[in-house]
Amino acid sequence: MADDFLLRVNGLVAGYAAPVAGPLSFALHRGEILGLAGPNGAGKSTLLKALWGGVKVFEGQVEKVPDLQISHQAQGFDDLRGVPLTGRELLSLTGATADGLPSWLAERLDRRLDRLSGGQLQFLRLWACLTAPADLILLDEPTNNLDRAGVAYLIDWLAHAHADQGIIIVSHDHGLIDEVCTRVVEVGA
Amino acid sequence: MSFDLLFDPLFRVPFVTGLLLAGLLPLLGMYLRLRNEWLAALAFAQMASAGALLAMVFDWPMVAGGVLAALLAALLKGLAARAGANAYALMMLLAWAGGVLLVANHPLAEQAGHALFDGQLYFTGEGHLVAAALVCAVVLPLLAWLSRPLLLGRFFPAFYRARGRDERPRLMLFDLLAGLAVALATVSLGVMAAFALVFVPPLIAYRSGSSWRAGLVWSALIGMGGYSCAFVASLGFDQPFGPVCALLMVMLFVISSVKYSRM
């Protein structure tokens, strides 16, 4: 198990101008899917960003294996309307693969992003992060804006073994956390 | 109205110089629009114009003055990234104020100022052509290399930082390339035409392109096609090139909008 170590977080307190989240401690190994649970406003998304330096760390340490490749699916939507980019071009940006995409999206890959439904677009963005080359995948509320078919496909994909990767999920969706996470850490409890 | 001049060898060099820039500027405009920074092109053009005027006053080459001023603007823009559109507006105000003061206080600057704004394409020489060819040779391959980071910056802003890599040097390189090309276009085609070529073809291509690659091809073709029509029209009707080019570009946008709204 020691060889499979990816990340160790010890007493992490993070925020922006001032600390807003933490302290948080956990260790993550390859093959694990860790859920960060907690009430709204506990700072789960902030702590997720702190793992790669996206926000200021006030206290504690984040110890990573050398050359750790992180893929972060952030919450929120940039307005993509009007940009002439296809789904296939979007996937190629992150180095993601189209293999394994659900058929309802695979057949629309050559359409412009602004010709896809909100659920299809969200799933595609998620897929671009999920299948990008990475050791650690950070998912922030991945089921937001997904339709039922998308959520079901995501759960199925996560449930299959990803022995080489570690995954951390922040979600208010207890069903998702319970179904796919191998371990849950409470934040702000 | 006379179109005989079109076949005069004297106008071949200006035409080819402008054609090269008319293919390049829309490509840069595609990425400036992607980053919501199309206003930066106008700031670069105004700064280049003021720099060229300043160079003329000190009896230095105007092209060098324009390029240096635009590169300085690109550098400032990169350093003041958080200021966004405010930085462009401040640069434009600085360039306008400086340019108008130079025109008011220097006897030769008034004529040069008009030429820079209207476009002095017909007076460009082989030096401009060589510079345009060199800029295309440098900018095009670098732009192809920068394409992925620029697109990632819009669609997945955390992509590089999450992998421990700093994307800022690449973004700054893009600013410098855009500044360089817009400056050369400003001293060759004029402020108005340079901005029209950066702004309008991407505006149309964003609507009509079926993919990013198709959008790039469309924007370059629209730029070169619109420029060629403007060149012919301004020579044939003996009108300044800049306003004719800008008007034609706006007309192209209106026509494409009508077509698009019917689809």
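Computed from the coordinates by the stated procedures, all read-outs in this text should not be read as laboratory data. Being a predicted model, the structure only gives us computed values, none of them experimental. Here Cβ is always computed from backbone atoms with ideal geometry, including for glycine, and neighbour counts include all displayed protein chains.
What FRET efficiency comes out for residue B:137 versus residue A:17 if R0 is 35 angstrom and r is the Cβ-Cβ distance? Round to the nearest 0.05.
On the way: r = 47 Å, r/R0 = 1.34.
In this case the efficiency is close to 0.15.
Using mean Cβ contacts within 10 Å as the protection proxy, how do A:97-109, B:35-47 order, highest first? Don't skip to the answer; put the middle values down first.
Numbers: A:97-109: 14.4, B:35-47: 24.3.
Averaged packing, sorted descending, gives the order B:35-47, A:97-109.
If you add up the charges near residue A:134, with Lys and Arg at +1 and Asp and Glu at -1, over every other residue whose beta carbon is less than 14 angstrom from its beta carbon, what do you get? It would help to have the intermediate numbers written out before the result.
Details: positive: A:30, A:64, B:161, B:163, B:165; negative: A:67, A:135, A:164.
Spelling it out: positives minus negatives among the neighbours equals +2.
Hey, got the Cα dimensions of the stretch A:109-189 along the principal axes, in Å, largest first?
42, 26, 22
Kindly express, to the nearest 10 degrees and within the range 0 to 90, the angle between helix A:148-159's C-alpha long axis and the longest C-alpha principal axis of chain A.
Once rounded, the angle reads 50 degrees.
Restricting to chain A, compute how many DSSP beta bridges are antiparallel as a %, nearest 5. Display every interim value, and only then the final one.
Details: 15 of 32 bridges.
Close to 45 percent.
Give the calculated FRET efficiency between residue A:40 and residue A:152 to the nearest 0.05, with a Förster radius of 25 Å applied to their Cβ-Cβ distance. Walk me through the numbers on the way to the answer.
Details: r = 25 Å, r/R0 = 0.99.
Efficiency for this residue pair is about 0.50.
Under 1.5 on a/c is rounded, so check that first for the stretch B:4-262, then, if it is not, pick prolate when a/b is larger than b/c and oblate when it is not; a ≥ b ≥ c are the square roots of the alpha carbon gyration tensor eigenvalues.
On the way: a/c = 1.77, a/b = 1.20, b/c = 1.48.
Cα axes put the stretch B:4-262 in the oblate bin.
Quick one: helix A:118-130 against the long Cα principal axis of chain A, what's the angle to the nearest 10°, folded into 0 to 90?
With both axes taken from Cα atoms, the answer is about 60 degrees.
First select every other residue whose beta carbon is under 12 angstrom from the beta carbon of residue A:69; then total the charges, Lys and Arg +1, Asp and Glu -1. Intermediate results must be reported in sequence, preceding the final value.
Working: positive: A:64, B:163, B:165; negative: A:67, A:135, A:164.
Once positives and negatives cancel, what remains is 0.
In a Debye calculation with equal point scatterers on the alpha-carbon sites of chain A and no solvent, what is log10 I(q)/I(0) at q = 0.12, 0.16 Å⁻¹?
Here log10 of I(q) over I(0) equals -0.59, -1.02.
List the lysines whose alpha-carbon lies under 23 Å from that of residue A:49, not counting same-chain residues fewer than 8 positions away?
Within reach: A:64.
At a 10 angstrom cut-off on C-beta neighbours, averaged per residue, how do the peptides B:237-250, B:139-152 rank from highest to lowest?
B:237-250, B:139-152
Give me the percent of Cα-Cα pairs in the protein assembly as shown that sit more than 30 Å apart, rounded to a whole number.
Numbers: 53830 of 101926 pairs.
Counting pairs separated by more than 30 Å, the tail of P(r) holds 53 percent.
Between residue A:144 and residue B:160, what is the label-to-label distance in nm when each label sits 7 Å out along the Cα-to-Cβ direction?
2.5 nm
Show me the ranking of peptides B:227-236, A:169-178 by mean Cβ neighbours inside 10 Å, starting with the highest. Show your work: numbers first, answer last.
Details: B:227-236: 20.4, A:169-178: 17.3.
Final packing ranking: B:227-236, A:169-178.
I want the local charge near residue A:55. Using Cβ-Cβ distances under 14 Å, sum +1 for each Lys or Arg and -1 for each Asp or Glu among the other residues. Before the final figure, lay out the partial values.
Working: positive: A:44, A:49, A:56, B:161; negative: A:59, A:140.
The answer is +2.
Apply the membrane-span-like helix rule to chain B: whole DSSP H runs, Cα extent along the own long axis of at least 27 Å, mean Kyte-Doolittle hydropathy at least -0.5. List the helices found.
Values: long enough: B:12-34 (34 Å, 1.47); B:38-57 (30 Å, 1.74); B:85-105 (30 Å, 1.52); B:126-155 (41 Å, 1.46); B:168-189 (30 Å, 1.40); B:212-236 (36 Å, 1.07); B:241-262 (32 Å, 1.47).
Once both thresholds are applied, what remains is B:12-34, B:38-57, B:85-105, B:126-155, B:168-189, B:212-236, B:241-262.
Calculate the FRET efficiency for residue B:19 and residue A:106 from the Cβ-Cβ distance with a Förster distance of 35 Å, rounded to the nearest 0.05.
Numbers: r = 41 Å, r/R0 = 1.19.
After rounding to 0.05, the efficiency reads 0.25.
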